[in-house]
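Below: the structure, in structure tokens.
The values are calculated or read from the model by the stated rules, or taken from the named source; none is laboratory data. Just so it is clear, the structure is predicted and the values come from calculations on it, not from any experiment. Don't worry about glycine lacking a Cβ; one is built from the backbone with ideal geometry, like all the others, and counts go over all protein chains shown. These area figures cover heavy atoms from the full protein model, side chains too; ligands, DNA and RNA do not enter into them. Shrake-Rupley method; radii C 1.70, N 1.55, O 1.52, S 1.80 Å.
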Amino acid sequence: MVPMKRLAPLAVACACMVTAAHAADMTVGFSQIGSESGWRAAETSVTRSEAAKRGITLKFADAQQKQENQIKAIRSFVAQGVDAILLAPVVATGWESVLKEAREAEIPVVLLDRTIDADKSLYLTAVTSDTVHEGRVAGEWLAGTVGDKPCRVVELQGTVGSSPAINRKKGFDEIVAKHDNITVVRSQTGDFTRTKGKEVMESFLKAEDGGRSICALYAHNDDMAVGAIQAIKEAGLKPGSDILVVSIDAVPDIFMAMANGEANATVELTPNMAGPAFEALVAFKETGKEPPKWIQTESRLYTRDDDPRRVYEEKKGMGY
Amino acid sequence: MAHPSPLLEARGLGKSFLGQTALDGVDFTLRAGEVHALLGENGAGKSTLVKVLTGVHRRDAGTILMDGAEVAPHDTAGAQALGIGTVYQEVNLLPNLSVAENIFLGRQPRRFGLVDRRAMERNTRTLLAGYGLAIDVAAPLGRFSVAVQQIVAIARAVDLSGRVLILDEPTASLDRQEVETLFAVVRRLKARGLGIIFITHFLDQVFALADRVTVLRNGRRIDTVAVADTDPMAIVQMMLGRDLEEVESGPGRPAAAAGAAPAIAFEGYGRRRSVEPFDLAIRPGEVIGIAGLLGSGRTETARLLFGLDAADSGTVRIDGRSVRIASPRHAVALGFGYCPEDRKTDGIVGDLSVRENIVLALQARRGWLRPLSRAEQAELADRFVAALDIRTTDIEKPVKLLSGGNQQKAVLARWLATEPRFLILDEPTRGIDVGAHAEIIRLINRLCDGGMSLVVISSEFDELVVCSSRIVVLRDRRHVGELAGGALTATAIMRTIAAGGADDRTEAA
Amino acid sequence: MMPGTATRALAGALPRFSVLALILLASWLAFPGYFDVTVNDGRLYGSLIDVLNRGAPVAILAIGMTLVIATGGVDLSVGAVMAVSGAVAATLIADGQPLAVALAAALGAGVLCGLWNGILVAVLDIQPIVATLILMVTGRGIAQLVTEGAIVTFVDESLIFIGSGAVAGMPMPVVIAAVLAAAAVLLVRRTALGMFIEAIGVNRRASVQAGLNVRVVLIAVYVASGFCAALAGVIVAADIRGADANNAGLWLELDAILAVVLGGASLLGGRFSILMSIVGALIIQAMNTGILISGFPPEFNLILKAAIVVVILVLQSPQAGRIAAAIAARTGITRRR
């Protein structure tokens, strides 16, 4: 091993020179959490297509929700000598030693979609959405839509204690606090699922005078909104007009609902985290320019004016 | 007698459960250095008396004195502190711990805060030597025979308490030789001045071991007498409150007509590591006794006959037709029945009612799609409760609430309800009081008069001799002999076992 | 029925119905409109209807679970089987297959899952909790394979009707649960099956020796449980017009077991009552609906639910009954003094 060790810096130097010369020939390892949701599946497929678009070779490893699988995958990427690693971490802690190994091998790591509790020097950058900002975008849309009219809002929260649930509530509440005419009258968890979203919405409707006193629904994700829309319809009201519906994620089904006039707006959590990550990596490899430690993805607002049917068709092909 | 104050004395003990009187003004004295037998039918109050004495049950009335001073134990530990130890029929020790650990459980000798295993094992060896037991004290208790476990339990109880020892049916699952070993231990303790209360069903054991006997019936004390001044007949009459019908002296059943063709014929039937191949031909109306020591293959034979274990050699012919018995279901379909030895684990279905327990096998044979109506079930249950004199307030009572003998009769009723042509009874009278015992033997005779064939397995050779037409003798998992006619005596059985038999497995065709 | 059994059954039912009544009453105190039932769009509408409608899937699971638990077993796979059957139904119907085909395939998948569990338990003698754990874990994976990781949505009105239609004003899931419960009660009590199941649960060895076909009965109860789970899965999918392989039936096996326990059955097997288990399921749902409508912050949901369950179980424990009686007796004495 001694000669190898001695040769290692040289080898890395060579590798750098080679990649600098042919940035498009990069090989990138991607350790994905799993496929626990449609959004996650879309992220995987978008990452693949973004890589293909740039001529990057992608090595994909599905961790099936287990950190030890991710650690194994990273070690194997290091052993294979990839040019960079994308990591969508399943948990926030416990990454120090494996990321140090990557750093020693001089392989840059980019975090996708979630951050970790570790020294910032252990990764090149993190590409994530700002979930507080998502809540703000939803709140601002509602405030702009209702104007000065009083509006009683019911809120379907995500899983209690999860960070997107906490942050999406926080961002929305910030905007609501600035508008005295808007109040959140009921807030319950729908566990991010359609079934619970529908069940909880049913109870909101009962508790709020059959739904007649509700002006808008804010759901922390589209799935709960889709469930709630059915509950509203079954209660004899028109979602989208009797009760405004705004939610987050921008999964295909909510565009179908918007096209049918049953939902009003959604804030996109883009599955394209890899695009900005690849751009940062290519820039870093070619010019050595360090990107900022956090690359925030756009939280784009979609409304009925954005041709929801077309977006639906586009999104459907993304593997949601 | 001129004892200033007895070791243990109870005066006017009373106890009732939910309005039912279990003990009614019972007086009882135990002297140092005596074995005092407690006799009575099941439900007479023997266990309740013991449990009140040891504080397991709180008494409703009466006083308990030890050395003349009033005591009030609240639980087993309190009783132990007073010097009263109890050993139950089902040994309450932990079979997967070593003998030494069992003896010192909860009070292990310690050294530097750790269990001093060596001291513990040394002390155990010394302790058990006093009982004439030289065994590997580091081995798990469960590896030893029930008799050894029983003695270990006694050693622990005596070591913990040391003045009064209560033995609750200790001999129920022991064979003759083991009983003798146990008796030797009891005599040794008696010589050391312990007072011993001895609960049993076996009259001969009372006469072999006890000094005095107290008979209970329906929660009352009938009498306390010195064993030397009484005889078995008198005691049985006290227990039953009536004259015993001549059970023990009846003649054996006549052998079935020699010419009759066997209804069921097992040939070369056996199973490796269980029972060596044997031939057994059963004629209608015949009672075949199976005798042998514990572990000689008696129960294994029964399990083979009933299809609980699959035979790996031999054939079965019923009415000349070859059949296969691969499971109890096959056996039941062929009209077989089996009352197992261990009624608690293999026989009764405790939470179900007496009615359901009685109809279970018949219903199983009919299949789930042809249910007996509630009325049919009740009619069947009522009939057998009356016929077998099953003591229960109600056929809807869970069978686990019945006494042991009545549970046994319920299992018997289950098979009789199927009108079997062949019934196997494994230890039908074990743990059963004298009255039920007599009834069951009478019943066996009646059934066979009706053409049913029976195989009866029993450790009570006298009982076998009384009711069997033939007796098959087993030793070391082999059928070693068959006795019939004039040769049918308990002595002959024992001789056959001892001699290893003349190996005359003759087919009386 | 014999008078003795009838009284005993009534004595067993009374505490459960009172618990249910108490929870409904508490919900009414928290939300005065709780008992209002109106007719809306040809269907009954109100919180009580929600309790029945939302409780139906767990009630259906509880029917199968009752039989399994009565044999001394447990079926942890029902939640995953729901996901499988929902996925199968949704995928086929989205593929343009007729309702009958989709339903038959979904229910058939449930029966197959039950058969698998039953064979593991009855033939291979694997402990039920371990045997059904296998499918609990892999079932959801199978469902994800069927849906290819996405939520498969559909617009077929006939399938949607199963989840959110109504018959004579009653939501379809309630109607299905009621019919299934009646059929199950008839099946086990009008044949000897119920007795066989109880006998096996109390003492399997004795049942074998009595000539019962224990294996077939055991396989049958797991098949029944699989069938019930499949039906519940179809209802849940039809309700949200989509099969969510990740979330459908998630943790519902625990609710089903809890329902059976609240219904008074012992996890050790033996006596069972399908109707009481359904009351148990309604108790759970009444609790859920009550919590939702009370407007407590969601952080308290689980704590509140756990506290109520503990109280109910303590009330049901015979030991607690004795302690309560002793306290009552003692306070009675002090009062007399």
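For this structure, a couple of remarks:
- Near pairs, Cβ below 7 angstrom, 6+ apart or cross-chain, from the range B:421-449 (assigned by TED's automatic domain parsing to the domain that holds B:GLU300 and at positive phi) to any residue that is modelled with pLDDT under 80 and not aromatic (Phe, Trp, Tyr): B:GLU427/B:SER459; B:GLY431/B:ALA172; B:GLY431/B:HIS201; B:GLY431/B:GLY404
- Per the listing C:ALA192, C:ALA184, the residue uniquely hydrophobic (A, V, I, L, M, F, W, C) and under 22 Å from C:MET82 (Cβ atoms) is C:ALA184.
- Single residue of the range A:213-224 satisfying the filter (open to solvent by 10 Å² or more (accessible area, probe 1.4 Å) and more than 27 Å from the chain's Cα centre (by Cα)) that is farthest from the other protein chains (Cβ to nearest Cβ): A:CYS215
- Among the candidates A:GLY261, A:GLY240, A:GLY227, A:GLY275, residue that is more than 15 Å from A:ALA138 (Cβ to Cβ), out of contact with any Leu (no Cβ under 8 Å at 6 or more places or on another chain) and within 12 Å of chain C (Cβ to nearest Cβ): A:GLY227
- Residue in the range A:268-277 that is touching a residue at least 12 places away in the same chain (Cβ under 8 Å) and surrounded by fewer than 17 Cβ atoms within 10 Å (Cβ to Cβ) present: no
- Restricting attention to the range B:349-376, the residues that are open to solvent by less than 10 Å² (accessible area, probe 1.4 Å) and of a type in the set (A, V, I, L, M) add up to 7.
- Some residue of the range A:123-137 being part of a helix (DSSP H, G or I), under 19 Å from A:ALA280 (Cβ atoms), modelled with pLDDT under 95 and away from chain C (no Cβ under 14 Å): no
- Exclusive hit being buried (at least 16 other Cβ atoms within 10 Å of the Cβ) and free of Cβ contacts under 8 Å to residues at least 40 places away in the same chain, set A:ALA88, A:ALA63: A:ALA63
- Residues satisfying the stated conditions in the range C:101-126, i.e. open to solvent by 60 Å² or more (accessible area, probe 1.4 Å) and among the small types (Gly, Ala, Ser): C:ALA104
Residues are listed down the side, and each one gets a yes or a no for (1) open to solvent by 20 Å² or more (accessible area, probe 1.4 Å); (2) of a type outside the set (Val, Ile, Thr); (3) modelled with pLDDT of 95 or more:
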position	(1), (2), (3)
C:THR5	yes, no, no
C:ALA11	yes, yes, no
C:SER18	yes, yes, no
C:LEU22	yes, yes, no
C:SER27	no, yes, no
C:VAL68	no, no, yes
C:SER77	no, yes, yes
C:ALA83	no, yes, yes
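- Meets criteria (touching a residue at least 40 places away in the same chain (Cβ under 8 Å), away from chain B (no Cβ under 14 Å) and closer than 27 Å to B:ALA361 by Cα) for C:LEU135: no
- B:ILE135 being touching a strand residue (DSSP E or B) at 6+ places or on another chain (Cβ under 7 Å), open to solvent by less than 50 Å² (accessible area, probe 1.4 Å) and not assigned by TED's automatic domain parsing to the domain that holds B:SER459: no
- Options A:VAL200, A:VAL154, A:VAL185: the member that is open to solvent by 30 Å² or more (accessible area, probe 1.4 Å), within 12 Å of chain C (Cβ to nearest Cβ) and either of a type outside the set (S, T, N, Q) or in a strand (DSSP E or B) (or both): A:VAL185
- Lone qualifier among B:GLY12, B:GLY45, B:GLY40, B:GLY55 - being open to solvent by less than 40 Å² (accessible area, probe 1.4 Å) and modelled with pLDDT of 90 or more: B:GLY12
- Scan of the range B:319-337 for residues that are loosely packed, with under 14 Cβ neighbours inside 10 Å and farther than 14 Å from B:PRO262 by Cβ, ordered by number: B:ARG324, B:ALA326
- Restricting the range A:157-174 to residues that are of a type in the set (Lys, Arg) and under 22 Å from A:VAL226 (Cβ atoms), the residue that is least open to solvent (accessible area, probe 1.4 Å): A:ARG168
- Residue match in the range C:312-324 (condition: within 14 Å of chain A (Cβ to nearest Cβ), touching a helix residue (DSSP H, G or I) at 6+ places or on another chain (Cβ under 7 Å) and open to solvent by 30 Å² or more (accessible area, probe 1.4 Å)): no
- When C:ALA90 is tested against (1) without any contact (Cβ under 8 Å) to a residue 24 or more places away in the chain; (2) in contact with a strand residue (DSSP E or B) (Cβ under 6 Å, 6 or more places away or on another chain), just one condition goes unmet, and that condition is (1).
Conditions (1) within 27 Å of A:ALA219 (Cα to Cα); (2) not assigned by TED's automatic domain parsing to the domain that holds A:LEU217, marked per residue:
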site	(1), (2)
A:GLY34	yes, yes
A:ALA61	no, yes
A:LYS66	no, yes
A:ILE74	no, yes
A:GLU96	no, yes
A:GLU104	no, yes
A:LEU122	no, yes
A:THR125	no, yes
A:LYS149	yes, no
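- Residues that are part of a helix (DSSP H, G or I) and closer than 13 Å to B:ASP231 by Cα, drawn from the range B:201-217: B:LEU203, B:ASP204, B:GLN205, B:VAL206, B:PHE207, B:ALA208
- Helices (runs of 4 or more DSSP H) enclosed by the range C:55-168 - at least 3 residues per element that are farther than 28 Å from A:GLY227 by Cβ: C:99-118, C:128-147
- One residue from B:ALA81, B:ALA129, B:ALA77, B:ALA72 being open to solvent by 50 Å² or more (accessible area, probe 1.4 Å) and under 19 Å from B:VAL186 (Cα atoms): B:ALA129
- The residue pairs whose first member lies in the range B:373-399 and is within 12 Å of chain C (Cβ to nearest Cβ), whose second member is of a type in the set (Ser, Thr, Tyr) and open to solvent by less than 60 Å² (accessible area, probe 1.4 Å), and whose beta carbons are closer than 8 Å, counting only pairs six or more residues apart or on different chains, are B:ILE395/B:SER353; B:GLU396/B:SER353; B:GLU396/C:THR5; B:LYS397/B:SER353; B:PRO398/B:SER353; B:VAL399/B:SER353.
- Among the residues of the range B:196-236, just one is of a type in the set (Phe, Trp, Tyr) and at pLDDT 90 or above, namely B:PHE198.
- Boolean, B:ALA147 is at pLDDT below 85 and part of a helix (DSSP H, G or I): yes
- Condition check for C:ALA265: in contact with a helix residue (DSSP H, G or I) (Cβ under 6 Å, 6 or more places away or on another chain), more than 27 Å from C:LEU22 (Cα to Cα) and buried (at least 24 other Cβ atoms within 10 Å of the Cβ): no
- When C:ALA256, C:ALA243 are checked against the criterion of being within 26 Å of A:GLU36 (Cα to Cα), in contact with a Leu (Cβ under 7 Å, 6 or more places away or on another chain) and of a type in the set (A, V, I, L, M), a single residue qualifies: C:ALA256.
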